[in-house]
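K.L.:
Got a structure for you, written out below as structure tokens; questions coming shortly.
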Amino acid sequence: MATLLIIGASRGLGLEFVRQYAAAGWRVLATVRDPLSGRAASEAGAEIYVCDIGDPASIKRLAASLDGTPIDLLLHNAGIYGANPPFGEIDPADLIEVYRVNTVAPLLVAQAFAGHLVGPKLFAVLSSMMGSIADNSSGGSYAYRASKAALNMVIKTLSLDLAERGIVPVALSPGWVRTEMGGPAAPLSPTEAVSGLRAALGGVKAADSGSFIHVDGSRLPW
Ligand SMILES: NC(=O)c1ccc[n+]([C@@H]2O[C@H](COP(=O)([O-])OP(=O)(O)OC[C@H]3O[C@@H](n4cnc5c(N)ncnc54)[C@H](OP(=O)(O)O)[C@@H]3O)[C@@H](O)[C@H]2O)c1
């Protein structure tokens, strides 16, 4: 039985990943920040762990508690939109907080869990089209855009640094999805987005290491 560790599974896309991978017969290990928010993931079949990715010590504790547990797919889903005031009202603290959660934490997770990855050794992070420099035609959202663009660079760099260990890091774009972050106007349901991403992940090969993969399986420009 293949094992998924998903970081950030209380709601939204993370919870839907739990539901779909558990239904497909995977062993699912799922993290939440608040144990009380792990109920839905637990009911969907996941084993629940507590981790606040904004706290490096919490990431290390999680890795230690899973020491010796082989993981086939590590899916780093947790992320925040944060405060994104317009140009002229930028507060450095807003940018740093979003960067800490969206960019630094996934790198620390990769560092803490590289030794746990086995089998296909896939490390996937939820990035965003908003992190694509090539796709940016509307501006704004400095904190979120910069954090995901930097996350994309982290993934590309990990793909080079971890190649010898056979670990394949990829960045995923779920499209615009109806979650707390995406809001009610988004065109995709979590079920549709996660189905698309699971299909894309199922086809990832070593040659795809360091790529930016859209929900429809296409490759996105950085
Ligand atoms: N929805 C979209 O349209 C969209 C588009 C592009 C990319 N994405 C990306 O997809 C991922 C999931 O988004 P979503 O739409 O499902 O968002 P969401 O509904 O807001 O869920 C965010 C998840 O991240 C967790 N999280 C936030 N900060 C955390 C922290 N410090 N430690 C641990 N967990 C933390 C939340 O846990 P709590 O319940 O504890 O807050 C929650 O489980 C994010 O990385 C997001 O940037 C989403």
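K.L.:
Quick check on this structure: which one of 11, 19 is surrounded by fewer than 18 Cβ atoms within 10 Å (Cβ to Cβ) and out of contact with any strand residue (DSSP E or B) (no Cβ under 6 Å at 6 or more places or on another chain)?
P.N.:
Sole residue among the options that is surrounded by fewer than 18 Cβ atoms within 10 Å (Cβ to Cβ) and out of contact with any strand residue (DSSP E or B) (no Cβ under 6 Å at 6 or more places or on another chain): 11.
K.L.:
Something else: From the list 50, 28, which residue is surrounded by 15 or more Cβ atoms within 10 Å (Cβ to Cβ) and closer than 16 Å to residue 105 by Cβ?
P.N.:
After applying the criteria, what remains is 50.
K.L.:
Among the residues that make up the range 110-118, is at least one of them assigned to a strand (DSSP E or B) and within 22 Å of residue 172 (Cα to Cα)?
P.N.:
Yes, the range 110-118 has at least one match.
To keep it simple, each residue is scored yes or no on (1) in contact (Cβ under 8 Å) with a residue 12 or more places away in the chain; (2) open to solvent by 20 Å² or more (accessible area, probe 1.4 Å); (3) not basic (Lys, Arg).
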site	(1), (2), (3)
143	yes, no, yes
148	yes, no, no
185	no, yes, yes
207	no, yes, yes
219	no, yes, no
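K.L.:
Still on this structure: With (1) without any contact (Cβ under 8 Å) to a residue 60 or more places away in the chain; (2) on the phi > 0 side of the Ramachandran plot; (3) of a type outside the set (D, E, K, R) as the list, and residue 167 as the residue in question, which single condition is left unmet?
P.N.:
The one condition residue 167 does not meet is (2).
K.L.:
Within the bounds of the range 84-92, is there any residue that is more than 21 Å from residue 172 (Cβ to Cβ), more than 19 Å from the chain's Cα centre (by Cα) and assigned to a helix (DSSP H, G or I)?
P.N.:
yes
Here is a yes/no grid of residues against (1) within 16 Å of the ligand (Cβ to nearest atom); (2) open to solvent by less than 30 Å² (accessible area, probe 1.4 Å); (3) under 18 Å from residue 20 (Cβ atoms); (4) under 16 Å from the mean Cα position of the chain (by Cα):
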site: 126; (1), (2), (3), (4): yes, yes, yes, yes
site: 139; (1), (2), (3), (4): no, no, no, no
site: 156; (1), (2), (3), (4): no, no, no, yes
site: 159; (1), (2), (3), (4): no, yes, no, yes
site: 166; (1), (2), (3), (4): no, no, no, no
site: 172; (1), (2), (3), (4): yes, yes, yes, yes
site: 195; (1), (2), (3), (4): yes, no, yes, yes
site: 210; (1), (2), (3), (4): no, yes, no, yes
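K.L.:
Considering only residues that are buried (at least 17 other Cβ atoms within 10 Å of the Cβ), away from the ligand (no atom under 13 Å from the Cβ) and not charged (D, E, K, R), which ones fall in the range 53-100?
P.N.:
Of everything in the range 53-100, those that are buried (at least 17 other Cβ atoms within 10 Å of the Cβ), away from the ligand (no atom under 13 Å from the Cβ) and not charged (D, E, K, R) turn out to be 63, 66, 71, 73, 74, 95.
The values are calculated or read from the model by the stated rules, or taken from the named source; none is laboratory data. These numbers come from a predicted model, not from an experiment. Note that we place each Cβ from the backbone using ideal geometry, even for glycine, and neighbour counts take in every protein chain shown. In case anyone asks, the SASA skips ligands and DNA or RNA and just uses the protein heavy atoms, side chains included. Shrake-Rupley method; radii C 1.70, N 1.55, O 1.52, S 1.80 Å.
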